[in-house]
Amino acid sequence: MPEAPKNTQKPTDYSLELKNKKTLQFIEDVTSNADGVQKKVLEEILSRNAHVEYLQRHGLNGHTDRETFKKVMPVITYEDIQLHIDRIANGDTSPILCSKPISEFLTSSGTSGGERKLMPTIEEELGRRSLLYSLLMPVMSQFVPGLDKGKGMYFLFIKSEAKTPSGLVARPVLTSYYKSSHFKDRPYDPYTNYTSPNETILCPDSYQSMYSQMLCGLCQHKEVLRVGAVFASGFIRAIRFLEKHWPLLCKDIRAGTVDAQITDQPVREAVMKILKPDPKLADFIEAECSKDSWQGIITRLWPNTKYVDVIVTGTMSQYIPTLDYYSNGLPLVCTMYASSECYFGVNLKPLCKPSEVSYTLIPTMAYFEFLPVHRNNGVTNSISVPKSLNEKEQQQLVDLVDVKLGQEYELVVTTYAGLYRYRVGDVLRVAGFKNKAPQFNFICRKNVVLSIDSDKTDEVELQHAVKNAVNHLLPFDATLAEYTSYADTTTIPGHYVLYWELSLNGTTPIPPSVFEDCCLTIEESLNSVYRQGRVCDKSIGPLEIKIVEPGTFDKLMDYAISLGASINQYKTPRCVKFAPIVELLNSRAVSSYFSPKCPKWLPGRKQWNMN
């Protein structure tokens, strides 16, 4: 993920070194006094928002101390404040959650009722996000020197945005950041020197944006010292794009022209400033891309690359083998931990293995609390986090400096922008400490069973979608005996696979078109983030249903019991990841069907699109 610029003139080596030193000292200071900083952050948030409706309604009465705050303010989920957020979205400008005016809504990749959650934000939060970005490269430069001597090739994209009835925009946090002056009007900084001109990043057409960014990256291939995207899935999509379109890209490099499909004028002009006819480079790219194997293609085309900067924690870890293949085993670096609700922390050991990544929470970003989490025993090894907390559970929350090594917690935040004791939904494990500040491994997003890109599908939603789809089987006197699912990332883009075992009571064979209708019905029933990934971003492929032989799920249970699962506690897992189980299911598949078209999707919410 790219780092935020700092307002500097073109720096000398000395001033860059000084700036890095100051940044590292800042990290040292805030982590050494983590509890004092957290106390101050909470006081600041509560004093400036003392008169907002939400705090008054809960009887905080202007108190800014931790004890009163924890006693009177409930721990909440999105659904608890949804009515307040809807009021703001519909035009109520009174201080409901925050004393500062809400500047826009950040759309979360998590959903509520199938729609993206809307996170209120204020103008000054952009500065806070920029601060966290500005920590990344001084940390990185301790481990990889000379990064100021070249460029970063990052594939960054904006996504569609919608206007709420209030006129405030609703868009993803990165779209908000890339469109802000903090990113667009950044002064010169050797660490934010990218191969992609701003115009190519800000192009709303995903094909034109990807093509032009790839073209610029190839033209500057010797200057590239680091490559990346936000998520691992996005970077792999860029490499697959190159696999498909390299003849066209070589043609443009050879002639010094931009393909006619790139119709965005500012993009064409920005690319033409970089592009010049280079038959020798075109020959080199053509020779490499024509080879049978694409192993190590990143180091072959961008020979000075030192690492790949992508998120590979959580569900993104499924892409590590593919990244290793394309990069010839370059270090995979996860630099930061952030969400729509808040930017949280940084990885102070960026060259560690992906499985060992831990993030140090920066105490100035928000007020952090932690709810202890206990795992369920059983074959699914699922995370048990209650939906609503009783009084005893509310009292179990601990402060940042009081977490225990090895314990797992759900993250709870109080932000400057109007979230109070809000459950983010991420489960973290304490891996160590930087001075007094804990360092966390990201374990998982609670309740998520399927994820390919930024989509998150939970078990309840999947069950609802499957229930809708099986209605297509009723005329054939067929029912669904059992099912499970798998996020298949061997295809690019990845796609959801559902394994269905049927009970066939009728004699009429079920035509393929009926199973295709089942696929589409499931997709239509899934949340808007999934549907956007299918329709607009093209980051998720068509959903697949595989029909398996009768008795397959009995075999699955036998296998789980052979590994030590209790026969009394065994439940069919609604999602599988373990390779031998996937192989077992695939070996018993008798037919396979794909969704015949994309599901319906529009930016914004259904009710906003009715006018």
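Just to check I understand the Karplus step: with θ = phi - 60° and J = 6.51 cos²θ - 1.76 cosθ + 1.60, what whole-Hz values come out for the stretch 259-275, glycine and proline as x?
Along the stretch 259-275, the couplings run 3, 5, 5, 8, 9, 6, 4, x, 5, 4, 5, 5, 5, 5, 6, 9, 7 Hz.
Would you mind checking the pairs Lys151/Lys222; Lys291/Lys538; Lys151/Lys291; Lys117/Lys184; Lys39/Lys349; Lys456/Lys597 and listing those with alpha carbons more than 18 angstrom apart?
Table pairs above 18 Å Cα-Cα are Lys291/Lys538; Lys151/Lys291; Lys117/Lys184; Lys39/Lys349; Lys456/Lys597.
Pull out the extension gain between Leu405 and Leu480, defined as 0.36 nm times the separation in residues minus the alpha carbon to alpha carbon distance; nm, one decimal.
Details: separation 75, 0.36 × 75 = 27.00 nm, distance 4.47 nm.
Length gained, Leu405 through Leu480: 22.5 nm.
Pop the C-beta distance of Glu583 and Gln295 into the FRET formula with R0 = 25 Å and round what comes out to the nearest 0.05.
Numbers: r = 24 Å, r/R0 = 0.95.
E(calc), rounded to 0.05, equals 0.55.
If a/c stays under 1.5 just call it rounded; otherwise compare a/b with b/c (prolate if a/b is bigger, oblate if not). Do that for the stretch 405-562, with a ≥ b ≥ c from the square roots of the Cα gyration tensor eigenvalues.
prolate
Which whole-Hz couplings ³J(HN,Hα) result when phi for each residue of the stretch 350-355 is put into the Karplus expression 6.51 cos²θ - 1.76 cosθ + 1.60, θ = phi - 60°, listed in order with x for Gly and Pro?
Karplus values, whole Hz, x for Gly and Pro: x, 8, 5, 5, x, 6.
Among Gly256, Gly425, Thr313, whose Cα sits farthest toward the positive end of the charge dipole of the chain (+1 at Cβ of Lys/Arg, -1 at Cβ of Asp/Glu, about the Cα centre)?
Ranked along the dipole, the leading option is Gly256.
How much length is gained if the chain between Ser562 and Thr257 is pulled fully straight, taking 0.36 nm per residue apart and subtracting their Cα-Cα distance, in nm to one decimal? All intermediate terms of the calculation are to be shown ahead of the outcome.
Details: separation 305, 0.36 × 305 = 109.80 nm, distance 6.18 nm.
Using 0.36 nm per residue and subtracting the Cα-Cα distance, I get 103.6 nm.
Can you list residues whose amide H is under 5 Å from Gln439's amide H, if they're 5+ apart or on another chain and H is modeled 1.01 Å from N?
Ala431, Gly432, Phe433, Lys434
Quick one: work out the % antiparallel among DSSP beta bridges in the chain, nearest 5.
Beta bridges within the chain, antiparallel portion: roughly 75 percent.
Hey, of (i) 37, 35, 24; (ii) 40, 34, 23; (iii) 39, 29, 22, which did the structure itself give for semi-axes √(5λ) of the Cα gyration tensor in Å when calculated?
The calculated read-out lines up with (i).
Under a Cβ-only charge scheme (Lys and Arg +1, Asp and Glu -1), can you give me the dipole magnitude of the chain about the Cα centre, in debye to the nearest 20? Mind showing how you got there, number by number?
Values: 68 positive and 68 negative charges, 210 e Å.
Magnitude of the dipole: close to 1020 debye.
Can you tell me the order of 429-442, 458-471, 201-214 when each peptide is scored by its average per-residue count of other Cβ atoms within 10 angstrom, highest first?
Put in order of decreasing packing, that is 201-214, 429-442, 458-471.
When the Karplus curve 6.51 cos²θ - 1.76 cosθ + 1.60 is applied with θ = phi - 60°, which whole-Hz ³J(HN,Hα) does each residue of the stretch 148-157 get, with x for Gly and Pro?
Once θ is set to phi - 60°, the couplings for the stretch 148-157 become 7, 8, x, 10, x, 9, 10, 8, 10, 9 Hz.
List the residues whose amide H sits under 5 Å from the amide H of Leu502, counting only those 5 or more places along or on another chain, with H placed 1.01 Å from N in the peptide plane.
Placed amide hydrogens put Ala481, Val548 under 5 Å from Leu502.
As an exercise, identify the trypsin sites (Lys or Arg not before Pro) in the stretch 272-313 lying in DSSP coil whose Cβ has no more than 11 other Cβ atoms within 10 Å.
Sparse-neighbourhood loop trypsin sites (Lys or Arg not before Pro): Lys273, Lys291.
Using the basic label-point model (7 angstrom from Cα toward the beta carbon), what is the Asp80 to Glu67 distance in nanometres?
Spacing of the two 7 Å Cα→Cβ label points: 2.2 nm.
None of the figures in this text is laboratory data; all of them are computed from the coordinates on show. Since the structure is predicted, the reported quantities are computational estimates derived from the model, not experimental observations. Cβ: placed from backbone, ideal geometry, glycine included. Neighbour counts: every protein chain shown.
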